[in-house]
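Asks: Handing you this structure, nothing more for now.
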Amino acid sequence: MIDVIRAAWVIARRDYVASVFSKTFLLFLLGPLLPILAALMFGAVGAKTDAEIARPRIAIIADTADGKALIAARTQLAARLGETALPELRIVAPENDGAAQAQALLADRKRALVAVARGGLIAPELIGPQGPVAEHQERLGLIYDTARRTRALAHAGGEAVPAVAFSVRTVDKAAGSETANRALTARMGQLVLMMLVMILAGMLLSNLIEEKSNKVIEVLAAAVPVDAIFLGKLGAMLAMSLTGIFVWGATAMLALAWFFPAGGPALPAPALGWPAFVALGTVYFIACYLLLGALFLGIGGQAASVREVQTLSMPVTMGQLGVVALASSAVGATLTPLAVVAMIFPWSSPFAMMARAAQSPYIWPHLLAILWQGIWIAIIIRLAARRFRVSVLKSGVVRRGWFGRKRPA
């Protein structure tokens with residue numbers, strides 16, 4: 001056993017150095033970052049334009065007094081509700097033919113209006129397409145009500161009622177918002193874990209097929225035990241995956257510090273806190289990677305070409321999506337029967353426990369889950385290594401395929 005471990009270490013070190021210290025690995029690291037950088041660039045370029053286009057503008061055909069009252073009312077409401085909660089107003093002096101003026105304003109592309117209001121403060125008329133009229137009628141009505149109330153107080157000789165000022169006392173948390181926020185963190189944690197595993201575990205297959213086609217596996221099998229090859233390759237690809245995750249994580253932290261120095265957008269804090277959540281996420285990634293990677297290595301050992309790898313790995317990939325769907329039942333309801341099944345089933349357990357780490361402050365269930373996953377990792381690696389050994393030792397032997405055609409083993 002010591003000889004197998006020593007040989008596996010040699011194989012792992014060889015694969016890790018050959019993969020990480022190569023130009024291909026640099027391109028692999030840049031691969032997921034390029035779409036994100038492109039999205040940020042195009043988003044920054046078009047953000048201002050999109051904001052201007054998306055902001056609704058309504059023309060108000062009114063005299064000077066009514067126009068000032070409406071603008072003052074909107075300013076008062078915007079201070080409370082925010083600028084984006086109310087449509088932007090454009091005051092236009094009335095002309096002789098009000099209906100024709102409204103149609104001309106709506107047809108003016110430079111103004112880019114969504115509706116036109118006319119008729120004064122007493123009996124206003126809103127003109128425009130059905131969608132914008134239905135969307136902005138209530139908000140515009142709130143502005144008109146505020147303007148009329150202010151004018152009525154002024155005409156009655158009274159003074160406008162000032163806006164009420166609340167005495168504010170903040171608390172650390174509220175149960176309703178805390179539950180919803182942690183559910184969001186749980187789902188995002190599951191999504192990140194799924195994406196990393198599916199992207200990185202597939203690299204095992206391509207690496208194995210390349211070495212089988214180059215007869216490297218046969219050379220290694222003649223020098224070291226086949227179990228050492230299996231364990232070495234699995235360990236090397238895990239180490240390479242963790243290296244990639246570290247680089248991506250460090251890049252993300254630097255990007256947030258550079259673009260959002262005052263504190264960028266962040267997910268709500270998980271129940272266990274960020275340090276424990278990240279540590280458990282790393283452990284669950286390792287467990288999930290070893291479970292899925294062992295299967296992929298076992299599958300790759302049975303295949304003789306890239307086409308066969310794709311055919312055999314497709315059910316595993318689709319099954320992984322089903323496993324993630326099962327684990328999503330643990331979000332928001334960690335003690336339901338379906339959630340408990342997701343925590344017990346080996347391949348869904350890392351995803352379900354990731355959700356639990358975001359929603360529950362207790363650490364002992366994770367210790368039990370890690371022990372349970374470790375047992376299954378040992379079982380799966382043992383079974384997959386046996387199939388891998390059989391396939392490698394039969395390499396080069398001519399055997400018949402499913403439809404009776406001869407093909408290399």
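The values are calculated or read from the model by the stated rules, or taken from the named source; none is laboratory data. Computed from a predicted model, the values in this text were never measured in an experiment. Note that each Cβ is placed from the backbone with ideal geometry, even for glycine, and that neighbours are counted across all protein chains shown.
Asks: For the condition surrounded by 16 or more Cβ atoms within 10 Å (Cβ to Cβ), under 19 Å from LYS68 (Cβ atoms) and touching a Pro at 6+ places or on another chain (Cβ under 7 Å), what is the one hit in PRO87, PRO124?
Replies: Just one listed residue meets the conditions, PRO87.
Asks: Mind counting the residues in the stretch 349-372 that are surrounded by fewer than 24 Cβ atoms within 10 Å (Cβ to Cβ) and either under 20 Å from ALA180 (Cβ atoms) or of a type in the set (Ser, Thr, Tyr) (or both)? Walk me through how you get there before you give the answer.
Replies: Of all residues in the stretch 349-372, those surrounded by fewer than 24 Cβ atoms within 10 Å (Cβ to Cβ) come to 359-372.
Subset that is either under 20 Å from ALA180 (Cβ atoms) or of a type in the set (Ser, Thr, Tyr) (or both): 359-362.
Of the residues in that region, 4 qualify.
Asks: If you check ALA39, ALA65, ALA51, ALA7, which single one turns out to be outside the structural domain of SER241 (by TED's automatic domain parsing), in a helix (DSSP H, G or I) and at pLDDT 80 or above?
Replies: After ruling out the rest, the residue left standing is ALA65.
Asks: Would you say LEU234 is buried (at least 17 other Cβ atoms within 10 Å of the Cβ), at pLDDT 80 or above and assigned by TED's automatic domain parsing to the domain that holds SER348? Before the answer, list the steps.
Replies: Details: buried (at least 17 other Cβ atoms within 10 Å of the Cβ): yes; at pLDDT 80 or above: yes; assigned by TED's automatic domain parsing to the domain that holds SER348: yes.
In short, yes.
Asks: Check the stretch 203-218 and report whether any residue there is assigned to a helix (DSSP H, G or I), surrounded by 14 or more Cβ atoms within 10 Å (Cβ to Cβ) and at pLDDT 85 or above.
Replies: no
Asks: Of ALA44, ALA59, which residue is farther than 30 Å from SER241 by Cα and at pLDDT 85 or above?
Replies: Of ALA44, ALA59, the one residue that is farther than 30 Å from SER241 by Cα and at pLDDT 85 or above is ALA59.
Asks: Residue check: is VAL114 within 43 Å of the chain's Cα centre (by Cα), of a type outside the set (D, E, K, R) and under 12 Å from ALA59 (Cα atoms)?
Replies: yes
Asks: Can you pull out every residue in the stretch 325-338 that is surrounded by fewer than 22 Cβ atoms within 10 Å (Cβ to Cβ), touching a helix residue (DSSP H, G or I) at 6+ places or on another chain (Cβ under 7 Å) and part of a helix (DSSP H, G or I)?
Replies: The answer is LEU326, SER328, SER329, LEU338.
Asks: Looking only at residues that are hydrophobic (A, V, I, L, M, F, W, C) and within 43 Å of the chain's Cα centre (by Cα) in the stretch 127-155, which one is surrounded by the fewest Cβ atoms within 10 Å (Cβ to Cβ)? Give the steps one after another, and end with the answer.
Replies: Taking the stretch 127-155 first, the residues hydrophobic (A, V, I, L, M, F, W, C) are 127, 133-134, 140, 142-143, 147, 152-154.
Within this subset, residues satisfying the condition of being within 43 Å of the chain's Cα centre (by Cα) are 127, 133-134, 140, 142-143.
Values: ILE127: 20, VAL133: 16, ALA134: 11, LEU140: 23, LEU142: 16, ILE143: 26.
Taking the candidates together, the pick is ALA134.
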